[in-house]
There are 2 protein chains.
Amino acid sequence: MQPDGSISQAVSLAKARLTSLSSHLRTSKPKIVVCRDLGPDVMPLLVKRDDLEVVLWTEDCVCDREWLLKNVQGAAGIVIVFSELVNAELLDAAGPNLKVVSTMSVGYEHIHVPELVERNIRLGYTPDVLTDAVADISVMLALMAGRNANETMGIVREGLSLIKVSHTSNISPSRTVGFLGFGRISHATLARLIPFGVTDCIYSSNPNSATSSKKERDEAILKQHHPQLKSLRPVDKDTLAKESDVLFVLAPGGPSTRHLVNEEFLRKMKKHSVLVNVGRGTVVDSDALAKALREKWIWGAGIDVVEGEPHVGKDHPLVKEPRCNILPHIGSASFETRLAMATLAVENCLAGISGQEMPAELDVKAL
Amino acid sequence: MQPDGSISQAVSLAKARLTSLSSHLRTSKPKIVVCRDLGPDVMPLLVKRDDLEVVLWTEDCVCDREWLLKNVQGAAGIVIVFSELVNAELLDAAGPNLKVVSTMSVGYEHIHVPELVERNIRLGYTPDVLTDAVADISVMLALMAGRNANETMGIVREGLSLIKVSHTSNISPSRTVGFLGFGRISHATLARLIPFGVTDCIYSSNPNSATSSKKERDEAILKQHHPQLKSLRPVDKDTLAKESDVLFVLAPGGPSTRHLVNEEFLRKMKKHSVLVNVGRGTVVDSDALAKALREKWIWGAGIDVVEGEPHVGKDHPLVKEPRCNILPHIGSASFETRLAMATLAVENCLAGISGQEMPAELDVKAL
């Protein structure tokens, strides 16, 4: 929220309330609450339909919770982004009409899944479509962390002409990349890194998936990047920390991965290594990472996600570290990707409220 | 220079003067002036030799001009970086002993070549070794410009949690990259971009090089990136401006390329295109680029070089543009690259003062 935005915020709340009220008086059709304007290409899929009541948060900022709790009442479907917490409070406010929650994200840490199961509410999400955009950001942050982008850009911003030798960086033509979590985004990131001179890849991933299928997959990846990529192998977390020159955190969120990257892990890393987190903020202990950067256990970091976001203030320990390149969770924020995500989210929602098969449904009972 | 560095600057000047004086009294061997500390791996190549007098600017900042003019007197060789202007003033100060100028750079805009020719002084430079490091930075800046890195990092820095839809970006899975100047760094940049989804490449380069050899080279590049790269063709500057989604400026400096990218050129570019300059600051008109960003003729820019650097203050028109990602000329600033450049610069200098073949000499008479 902008610090000086309280008046415009109040006006927008009032406007939104009026819109909601008038549309409610007009109709008693299935109601869909949309927490972000999905743009001129996607919104018509909803608003042009006579058989739906659509209530939209129209502001170009995070949806107001109070507004949402009021407007969600009686909704059959909700289209949300990662900033909307879906918990008992929201679901109770919605009431028994709610059939589907459709999130414009691949992750679902903001959703209390057991609460959905209890109420028999379906969950749509948007996998795959954001792979390329997030892989792009992963490579960008790896380069930025290695080449001290934030620190050296700060020199320009302050109008100084001083370039110190210490601003040189660690990019090497022969190096090992590590992945904590090795799914589609990791594969796409690795593919982008090959022409930069990456020769070896190690990863640590979900121990529950079948070893045989992993082996087959790894052989295919090695073949795809032959002859540049010399090796690709699963390792334990200890080896991952010790051998990675660039470490990408792309593990899913949740309690099982919380603070996997902690002080103990960071102390094992190479002095010239960089850490990139574009997965989930919760996987990395922010205080430990700040300490690692301050005390130079590692060279630098590039992160698109932070535990506790979007509430990351000026005095956050990572914001204070010049060697920490921080983006405000824009990994999937490219025009094409957001368009694809928004389209899929609407399709999921529409299928969900009419009891049809959803293009991308998460099996909440199996989670 | 740091604003509060005047005292330490004075102390360092005094120290350097003493070092120079005592070494001059001690020896009458060939003198080499080195304008940047080349580090513990390279300096011994010079200082461990008994048959040389080495005078070094030891501070971790741009070499002081006054210090250089005093110490260069009687030198047989000078090792410099791009921040040292080699003109009649410096060469006159050096006097008739000077046999070689060795620059730790691939460009030589800071060197008045006719003055070298007139005095029969040889010129060493460091081509090739910085190709990979600069190609890395080129890709990094293209991604940063496309994904609004500077603007969105500013949001985090200010402690705001507001992510606007307008912060989404223009990366597209199918797009055309353009190169103004198509030498080794451009080829290395193109190779890195292929896995990002680049399908077509256009370029505009030196009209003096032979068309037949270009054709052969282009066929080899197309083959190398088959089947991802669909087309590669030379175009005129008008087409380059109109068709590039990402335009890389990698042309050499000098009067013939000055302000090739001016207001007229920028007005022809696509609204969602980004401009990357890692070549020479002089090729892009800074005022025109600032206007293009302010008035949204193009989406964003990423630059490692600015006309007039290193004197780029807080009030520079480009520093004020949030869509301009500016690095302080760190394109070649990686450990390995600087090591290779420093080694080559020393080898050039030593060969030059002893009248031998230099590993990388520029034929100043042919320029």
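Before moving on, here are some points about what is shown:
Table: residues versus (1) under 21 Å from residue B:178 (Cβ atoms); (2) within 13 Å of chain A (Cβ to nearest Cβ).
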position	(1), (2)
B:239	yes, no
B:242	yes, no
B:252	yes, no
B:263	yes, no
B:266	yes, no
B:320	no, yes
B:346	no, no
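- Matching residues, the stretch B:271-283, being assigned to a strand (DSSP E or B) and over 10 Å from residue B:303 (Cα atoms): B:274
- Residue within the stretch A:228-250 that is out of contact with any strand residue (DSSP E or B) (no Cβ under 9 Å at 6 or more places or on another chain) and closer than 19 Å to residue A:185 by Cβ present: no
- So residue A:41, is it assigned to a loop (DSSP other than H, G, I, E, B), surrounded by fewer than 16 Cβ atoms within 10 Å (Cβ to Cβ), in contact with a Lys or Arg (Cβ under 8 Å, 6 or more places away or on another chain) and modelled with pLDDT of 60 or more: no
- Matching entry among A:247, A:350 (being part of a helix (DSSP H, G or I) and more than 14 Å from chain B (Cβ to nearest Cβ)): A:350
- Flag for residue B:365 being within 14 Å of chain A (Cβ to nearest Cβ), part of a loop (DSSP other than H, G, I, E, B) and either over 15 Å from the mean Cα position of the chain (by Cα) or crowded, with 18+ Cβ neighbours inside 10 Å (or both): no
- In the condition set (1) more than 13 Å from the chain's Cα centre (by Cα); (2) surrounded by 19 or more Cβ atoms within 10 Å (Cβ to Cβ), residue B:341 is compliant with all but (1).
- Residue check, residue A:10 modelled with pLDDT under 95, hydrophobic (A, V, I, L, M, F, W, C), in contact with a strand residue (DSSP E or B) (Cβ under 9 Å, 6 or more places away or on another chain) and not in a loop (DSSP other than H, G, I, E, B): no
- For the stretch A:187-241, a tally of residues being at pLDDT below 95 and in a strand (DSSP E or B) returns 2.
- Conditions (1) surrounded by 24 or more Cβ atoms within 10 Å (Cβ to Cβ); (2) assigned by TED's automatic domain parsing to the domain that holds residue A:237; (3) under 14 Å from the mean Cα position of the chain (by Cα): number failed by residue A:307: (1)
- Wholly enclosed strands (runs of 3 or more DSSP E) of the stretch A:82-186 bearing at least 3 residues within 28 Å of residue A:261 (Cβ to Cβ) and modelled with pLDDT of 90 or more: A:175-180
- Screening the stretch A:278-332 for residues that are under 16 Å from residue A:259 (Cβ atoms) and basic (Lys, Arg) and picking the one that is modelled with the lowest pLDDT gives A:280.
- Condition check for residue A:217: in the same structural domain as residue A:284 (by TED's automatic domain parsing), free of Cβ contacts under 8 Å to residues at least 24 places away in the same chain, surrounded by 13 or more Cβ atoms within 10 Å (Cβ to Cβ) and farther than 27 Å from residue A:329 by Cβ: yes
- Enumeration of residues in the stretch A:189-214 that are loosely packed, with under 15 Cβ neighbours inside 10 Å and either within 14 Å of another protein chain (Cβ to nearest Cβ) or under 23 Å from residue A:130 (Cβ atoms) (or both): A:206, A:209
- Of all residues assigned to the stretch A:53-61, none qualifies as being surrounded by 16 or more Cβ atoms within 10 Å (Cβ to Cβ), more than 14 Å from chain B (Cβ to nearest Cβ) and in a helix (DSSP H, G or I).
- Residue match in the stretch B:51-62 (condition: among the β-branched types (Val, Ile, Thr) and modelled with pLDDT under 90): yes
- Candidates B:312, B:306, B:278, B:274, filtered to the one that is within 14 Å of another protein chain (Cβ to nearest Cβ), β-branched (Val, Ile, Thr) and more than 30 Å from residue B:101 (Cβ to Cβ): B:274
The values are calculated or read from the model by the stated rules, or taken from the named source; none is laboratory data. Source: prediction; values computed, not measured. So basically every Cβ, Gly included, is an ideal-geometry build from the backbone, and we count neighbours across all protein chains shown.
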